[in-house]
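No value in this document is a laboratory result; all are computed from the given coordinates. These numbers come from a predicted model, not from an experiment. Ideal geometry is used to build each Cβ from the backbone, glycine not excepted, and the neighbour counts take in all protein chains shown.
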Amino acid sequence: MKKNKLPTIESLNTENKVFTLDFGKKRTTLYDGEKVIGSTVEQILTLPKLLNPGSKIIVEDAHMGVPRTEKSLAQPYTKTELRKFYSDCEENGIELRFFPQQSSPRAAAYSNLKKDDDQDPISIYNLCRDYPNISLKKPDPSFSYSLKAKEGLFRKHQLNKILNFARRTDYLNPNDKNTQWINENANYVYNELSDVGRCVFGFLNEKARFKRPNKNRNIKKGDLNVKHIKVNFIYTTLASMRGTLVHEGNERFSVDDSFFLREGTGRLPNWAFTQRYIFHMSPYHLKGGVARSNFYHHGAKKWIKERVLEEGYDIDKKKRGEMSKQEEKVFLKYRRLYSNAIKELYNIIKKQLENQHANIYNNQKENKLIAQPLCDSINEYQPSLI
């Protein structure tokens with residue numbers, strides 16, 4: 001179907017302050033707050049000199065935050081072109097920010113517009129206008145991973161393998177060192193968690209306690225039944241700091257009890273590092289990994305919907321952009337509580353590991369508990385796109 005002809009860039013209202021861009025398969029579009037304008041990839045590069053100082057350009061991160069490579073031709077610009085555009089924006093007082101492409105469906109739903117090359121810049125404009133605190137990324141002209149990011153990706157790929165192996169047995173393999181740790185420390189974790197944390201991780205489930213004793217298994221009435229708590233979340237959190245998948249031969253594998261110590265600090269990673277570089281708890285997660293999937297796809301959606309429903313709001317099957325203001329307010333409250341519970345659990349487990357292994361930071365080269373890296377140096381590790 002032939003696209004309608006759009007106004008050209010000459011009709012751009014430069015008196016406006018915010019401009020949104022989209023690069024579609026058939027054409028490039030620009031929204032100035034009043035009308036959608038048809039443009040070209042060449043014309044877009046002239047925007048910093050067309051707009052007034054103090055203007056703001058918003059575009060999806062995938063389009064102008066990532067350069068074109070031999071492997072991906074979807075991006076319209078090369079490194080050189082993007083760096084010049086960034087520089088032109090800075091020199092002319094133009095604020096350039098990147099919108100997370102994962103939020104584009106939310107933007108379309110919020111504006112009640114279909115996802116379309118001509119509609120996308122309007123949707124993004126409306127969402128950013130009405131939600132000024134939405135996360136927008138700054139340009140990075142280096143286009144490279146920091147040492148921290150490489151360390152995080154290095155561990156994330158290790159963690160993916162561990163979790164894919166562990167979930168074959170629902171994270172309950174008795175020969176898995178991490179499963180053993182959870183069985184031995186579940187009561188400690190329960191005692192340290194807040195009531196919200198206990199709810200998130202299934203400790204308040206009525207099946208989470210044995211109803212009758214079992215002398216043969218040394219079980220007392222009221223003891224925790226690990227099979228009925230959210231062991232996958234606890235395992236995921238523990239495995240971000242502990243364990244390596246070991247090949248034992250004959251296609252047999254196991255998870256050992258080695259630790260992941262950061263090369264930059266020589267210590268277990270703190271929450272800020274793990275949250276950003278291993279769990280990818282941000283709108284820019286792209287391929288977030290198995291850990292993020294466990295927490296958000298298999299955990300957050302269900303828990304948050306249930307809590308919101310308890311307050312009288314049914315958001316089942318609703319996209320974020322389709323929620324009312326009040327529904328979204330309640331949704332955000334429980335999403336925040338859920339995320340804080342993951343942080344709480346992480347710090348509880350980290351503290352216990354450090355308490356149990358006083359020598360964890362001593363004689364690291366000789367310590368067999370330290371996970372062996374995949375390469376001689378993190379600097380040699382070349383991750384693919386996240």
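Excluding same-chain neighbours fewer than eight residues apart, the lysines reachable from Lys148 by a Cα-Cα span under 16 Å are Lys156. Using just its DSSP H runs of length 4 or more, each adding -39500 (n - 2.57), the chain gives a mean residue ellipticity at 222 nm of -11000 deg cm²/dmol after division by all residues. Listed peptides 249-258, 34-43 appear in the order 34-43, 249-258 once ranked by packing, highest mean of other Cβ atoms within 10 Å at the front. Residues whose amide H comes within less than 5 Å of that of Phe259, counting only those at least five positions distant or on another chain, are Gly243, Ile370, Ala371 (H built at 1.01 Å from N in the peptide plane). Just flag the trypsin sites (Lys or Arg not before Pro) in the range 264-317 sitting in loop per DSSP whose Cβ has no more than 15 other Cβ atoms within 10 Å. The qualifying sites are Arg267, Lys287, Lys317.
In degrees, nearest 10, range 0 to 90: what is the angle between the Cα axis of helix 147-166 and the longest Cα principal axis of the chain? Result, in degrees: 50. What residue among Gly202, Gly54, Gly65 has the largest mean-square fluctuation in a Gaussian network model of the chain, using Cα springs under 10 Å? Looking only at Gly202, Gly54, Gly65, the biggest GNM fluctuation is shown by Gly54.
From most to least packed by mean Cβ count within 10 Å, the peptides 129-138, 189-198 give 189-198, 129-138.
Where nothing but the Cβ of Lys and Arg (+1) and of Asp and Glu (-1) is charged, how large is the charge dipole of the range 147-380 around its Cα centre, in debye to the nearest 20?
My answer is approximately 580 debye.
Springs between alpha-carbon pairs under 10 angstrom, Gaussian network model over the chain: which of Glu310, Glu248, Glu184 fluctuates most? Maximum among the listed residues: Glu248.
For the chain, the share of DSSP beta bridges that are antiparallel, to the nearest 5, is 65%.
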